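Values quoted throughout were computed directly from the atomic coordinates according to the rules given, and no laboratory measurement underlies them. Just so it is clear, the model here is predicted, and its values are computed rather than measured. Don't worry about glycine lacking a Cβ; one is built from the backbone with ideal geometry, like all the others, and counts go over all protein chains shown.
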Amino acid sequence: MNNQPTRIAVIGLGYVGLPLARLFSTRYPTIGFDQNRHRVEELMGGHDSTREVDDDLLKKALDNGFQCTDNLEDIRNCNVYIVAVPTPVDHNNHPDLSPLIGASTTVGKVISKGDVVIYESTVYPGVTEEECLPVVEKVSGLTFNRDFYAGYSPERINPGDKEHTVEKIRKVTSGSTPEIADFVDGLYNSVLVNGTHKASSIRVAEASKIIENSQRDVNIAFMNELAKIFNAMGIDTHDVIEAAASKWNFIKLSPGLVGGHCISVDPYYLIQKAQVYGVLPRVMSAARRLNDGMGDYVANCAIKLMNKKGVMVKDAKILILGFTFKENCPDIRNTRVVDIYSTLTEYTPNITIYDPWADAEKSRREYGIEITSGDTKTLEKQFDTVILAVAHQQFRQLDIRQFLRCENGVVYDVKGILPKEMIDGRL
């Protein structure tokens, strides 16, 4: 660092990058960089459409010197570059490293001798040193671990979670040399309430992150499998879970849809890398298949209930409450609610999706699906079936049966949050 004051640039201002950049700006001169000019203009205007940073908090940060830009020259004088871009999969569920490669190219254009680049994006072990840093070297003409250095501190942002905010998360840190590991650890410790865990290497830090989400994926898959078993037996799965949870060491989880950009994506990174080493991760692969099929399963459960109650499935009017991948969050990335919708469209075109959190334009652009978010009174007594797909706080306060137009209408609760007397079935 050439004993210079720390000046930070955060590359990527999404669900991870913006909260991190805002936090670092409380202690260091910080610039957020994003290629999306509309996103930059939105943030500089004091509004975050992801709702991860409250507008008042963002405006305070801007007043105190934090800035966002899409101009590369604005971050040239920084000496710590933190990369927080998405790591998606393609249509074959193969890792797509193009955002990381692009961000590494960006860093390579501005990095100078003595600078440090830190990656936060979730990857399989080896990506930082084998894929990203060679790009930085090639573009910059500098030599890794001689002219510039690297760290890895995996993100742990939980979209929509206002309790486990970025400053309260305990972070894993690592560095490309022992000295840089200490520097990276100290940098994060300076803004975090609950400190850090310094990993022994970048590869260990990468691996630690990817198993966090893979473990949750496997555990939820087990609960989903149990739900299928108990539903077939006519036993309420949630009652079973409550009973089992009375034991001190039972891990209480619920069945459900597994979408979003983390749990439903990250395991594919480790699955593919494991196969390169000749290991076939059967449990993880089976969990992915099971969880990816739950939307179709939910739709068929609702159809089965409709048939039992004498509701004509063909051309039925169906209301789906919620479209985002999780509650109290506008993120629609990889939402599995789309699978419920797709299965139901085989029987009826009369499907309405209501979600006060989802962006209608993004939903239309990314999925070709229309979302409504107006007054719920306009939806009353219109539908044969209502499926509660996302546990938004607003839905917990609704009388769901008010949307049914007939006494024998069906209410299906995917999230298991409604009173039993209000529903006809739940996952």
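Annotated for segment 8-201: lysine pairs at least 8 residues apart or interchain, Cα distance under 22 Å, count 9. Modelled spin labels at E163 and L57, positioned 7 Å past Cα toward Cβ, are 1.6 nm from each other. Between Y188, Q397, G141, the Cα set farthest toward the positive side of the dipole of the chain (charges on each charged residue's Cβ, about the Cα centre) is that of Q397.
The chymotrypsin sites (Phe, Trp or Tyr not before Pro) of segment 217-313 that DSSP puts in a loop, and whose beta carbon has at most 10 other beta carbons within 10 Å, are W248, Y277. Helices of the chain meeting both criteria, an alpha-carbon length of 20 angstrom or more along the long axis and an average Kyte-Doolittle score not below -1.0, with helices taken as full DSSP H segments, are 202-233, 294-308. Here N350 and K252 are evaluated by their C-beta separation; at R0 = 51 Å the FRET efficiency comes out at 0.85.
Think of it as helices only: each DSSP H run of n ≥ 4 in the chain is worth -39500 (n - 2.57), and spread over all residues that comes to -11000 deg cm²/dmol at 222 nm. Projecting label points 7 angstrom from Cα along Cα→Cβ for K109 and V279 puts them 3.8 nm apart.
Normalising the average separation of contacting C-alpha pairs (under 8 angstrom, six or more residues apart) by the number of residues puts the relative contact order of segment 358-427 at 27 percent.
Using the Cβ-Cβ distance between D296 and H94 with R0 = 30 Å, the FRET efficiency computed as 1/(1 + (r/R0)^6) comes to roughly 0.85.
Each Lys and Arg contributes +1 and each Asp and Glu -1, all at the Cβ; summed about the Cα centre of segment 129-236, the dipole is approximately 180 debye. Counting neighbouring Cβ atoms within 10 Å and putting the fewest first, the residues K273, K252, K171 line up as K252, K273, K171.
From least to most packed, judged by other beta carbons within 10 angstrom and beginning with the fewest, S176, S49, S153 follow the order S49, S176, S153.
With point charges of +1 on the Cβ of Lys and Arg and -1 on the Cβ of Asp and Glu, referenced to the Cα centre of the chain, which listed residue (Y152, A21, A287) lies farthest in the positive direction of the dipole? So the residue furthest toward the plus end is A287. With r as the distance between the Cβ atoms of D239 and E73 and R0 = 51 Å, compute the FRET efficiency 1/(1 + (r/R0)^6) and round to 0.05. Rounded to the nearest 0.05, the efficiency is 0.25. Would you please state the base-10 log of I(q)/I(0) at q = 0.16, 0.22 1/Å for segment 293-426, with intensities from the Debye formula using one equal scatterer on every alpha carbon? Results for segment 293-426 at q = 0.16, 0.22 Å⁻¹ read -0.73, -1.50. Placing pseudo-labels 7 Å out from each Cα toward the beta carbon at N408 and E131 gives an inter-label distance of 5.4 nm. Summing Lys and Arg as +1 and Asp and Glu as -1 over all other residues whose Cβ lies under 10 Å from the Cβ of D339 gives a net charge of -1. Relative contact order of the chain, taken over Cα pairs closer than 8 Å and 6 or more residues apart, is 10 percent.
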